[in-house]
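One structure is given here, and the rest of the page talks about it.
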């Protein structure tokens with residue numbers, strides 16, 4: 001197989017070629033590495049290679065629906081035994097996993113050949129992938145822009161053709177944001193459909209789900225079929241495996257009633273490209289026979305943002321405290337931004353956390369009322385095109401001040417400065433639409449239906465009621481058939497673009 005042929009194939013096609021003995025797993029691994037050698041120095045997507053274990057695995061007799069397909073996992077909550085999972089933090093740089101994460105094990109059971117780990121910001125705390133330890137990841141469509149986050153390394157690797165799909169996870173949009181930034185499919189499943197652990201149980205009070213980013217709907221469907229299902233040791237998970245996603249994928253959904261909006265209290269002036277993305281999607285849906293109409297947002301996204309960040313900051317405080325206790329890591333092992341927001345979480349107290357968690361019920365009820373009237377909610381995935389790399393860097397002076405404030409436990413003083421409002425604007429203002437699905441536990445998918453006039457992807461998002469994951473996949477497949485996107489490729493090397 002030639003490299004241009006590898007770039008022209010999704011994971012499903014590659015698996016079929018291996019099964020038919022037209023190509024070997026070792027040959028595919030060599031092609032994936034060849035592509036990585038060409039593009040990874042430009043995009044910084046892969047931050048750790050697993051060469052010896054991948055080489056050994058590629059010559060084994062592999063079984064499973066994706067036997068022999070090269071794959072990458074995220075360097076956050078997707079542990080590979082014998083290697084550190086840094087979560088983008090110096091504090092975990094030497095924290096070697098003693099067993100695979102359950103998601104990693106299921107990907108291996110599906111036959112994939114995992115040969116590296118992908119870039120992520122510290123603790124997955126940002127919608128960009130720019131990190132003191134792992135460096136800045138860049139968007140293969142335009143290297144001056146971010147691939148999103150926190151699964152930005154995986155998104156960049158897939159968009160650049162290193163692998164057809166890669167591991168990702170989503171606590172506030174971290175599958176959908178990089179999918180939208182890189183022209184990919186990204187599905188955040190309903191709470192309880194994908195496994196966490198065994199290192200931890202549910203993260204962020206159940207807001208985080210595991211998954212993948214891919215270039216085709218069928219790859220997303222098939223890979224999620226391979227990993228979905230409850231681990232038996234965690235009571236929070238569903239009791240049975242979901243109905244298969246891949247089965248019946250070619251069956252278009254019945255006529256749907258879809259409400260769409262671009263409104264946001266956090267960002268009352270979304271970019272015209274984001275508005276155009278939704279309007280074009282609404283027109284396409286109408287052509288396909290669905291009933292589509294504009295609606296008001298079903299929730300107050302500014303209030304939701306405050307509750308989301310209150311929960312996020314509190315859990316980050318707990319996470320950093322646990323790492324310090326377990327490994328003895330000093331403050332210098334953590335980024336200043338992480339220390340600052342963890343201190344905000346500490347100083348807010350347990351009462352603020354429990355109030356935010358209690359408020360989640362308000363958003364669940366509001367979204368359920370919306371879904372009593374509409375099958376799906378359509379929004380932009382991003383309020384503006386992918387940001388410029390470095391555009392939301394914390395100034396050095398503020399970083400120094402943050403470290404001092406964290407050290408002397410002056411979080412209440414930090415809160416009094418209005419820093420929370422600034423954090424909402426800076427970190428959620430360009431992605432105000434994604435946190436709703438995480439807080440409510442509902443499924444949501446980003447599909448690549450729009451490219452800006454400057455050539456950057458900008459996806460649209462569908463949010464469904466609890467358990468509508470299969471419906472979202474079938475709708476995405478219908479949209480993919482009506483407006484194909486697989487032929488689009490990040491032109492890092494035009495000579496190799498299929």
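Computed from the coordinates by the stated procedures, all read-outs in this text should not be read as laboratory data. Just so you know, these numbers come straight off a predicted model, no measurement behind them. So basically every Cβ, Gly included, is an ideal-geometry build from the backbone, and we count neighbours across all protein chains shown.
Results, tabulated for the structure shown:
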quantity	calculated
R0 of 51 Å, Cβ-Cβ distance residue 34-residue 399: FRET efficiency to nearest 0.05	0.85
Directionally averaged shadow of the stretch 443-494, computed from the convex hull of its alpha-carbon atoms, nm²	4.2 nm²
The stretch 117-159-the stretch 165-216 distance, computed between alpha-carbon centres (Å)	15 Å
Cβ-derived FRET efficiency at R0 51 Å, residue 144 paired with residue 81, nearest 0.05	0.85
Extension gain (nm, one decimal) between residue 392 and residue 98, 0.36 nm per residue minus Cα-Cα	102.3 nm
Two-site label geometry, residue 19 and residue 2: point separation in nm, points 7 Å out along Cα→Cβ	2.7 nm
Calculated P(r) tail over 23 Å for the stretch 104-214, as whole % of Cα pairs	23 percent
Shape call, the stretch 1-112: gyration tensor on alpha carbons, a/c limit 1.5	oblate
Peptides ranked, highest mean first, by Cβ atoms within 10 Å: ranges 150-163, 208-221	150-163, 208-221
The stretch 56-172 - percent relative contact order, Cα under 8 Å, separation 6 or more	26 percent
In Å, descending, principal axis extents of the Cα set of the stretch 1-57	33, 25, 16
Gyration tensor (Cα) of the stretch 149-213, equivalent ellipsoid semi-axes in angstrom	21, 11, 9
Reciprocal of mean inverse Cα separation for the stretch 388-477 (Kirkwood radius, Å)	16.6 Å
Beta bridges by DSSP in the chain, antiparallel share as percent, to the nearest 5	70 percent
Per-peptide average of other Cβ atoms within 10 Å, ordering 355-363, 166-174, 454-462 highest first	166-174, 454-462, 355-363
Directionally averaged shadow of the stretch 251-355, computed from the convex hull of its alpha-carbon atoms, nm²	10.9 nm²
Principal axis dimensions, the stretch 167-300 - Cα atoms, whole angstrom, descending	45, 37, 27
Cα shape, the stretch 341-435, gyration tensor, a/c 1.5 rule	oblate
Per-peptide average of other Cβ atoms within 10 Å, ordering 24-33, 253-262 highest first	24-33, 253-262
Extension gain, residue 279 back to residue 321 (0.36 nm per residue minus Cα-Cα distance, nm)	10.6 nm
Cα gyration tensor category, rounded, prolate or oblate, for the stretch 48-122 with a/c compared to 1.5	prolate
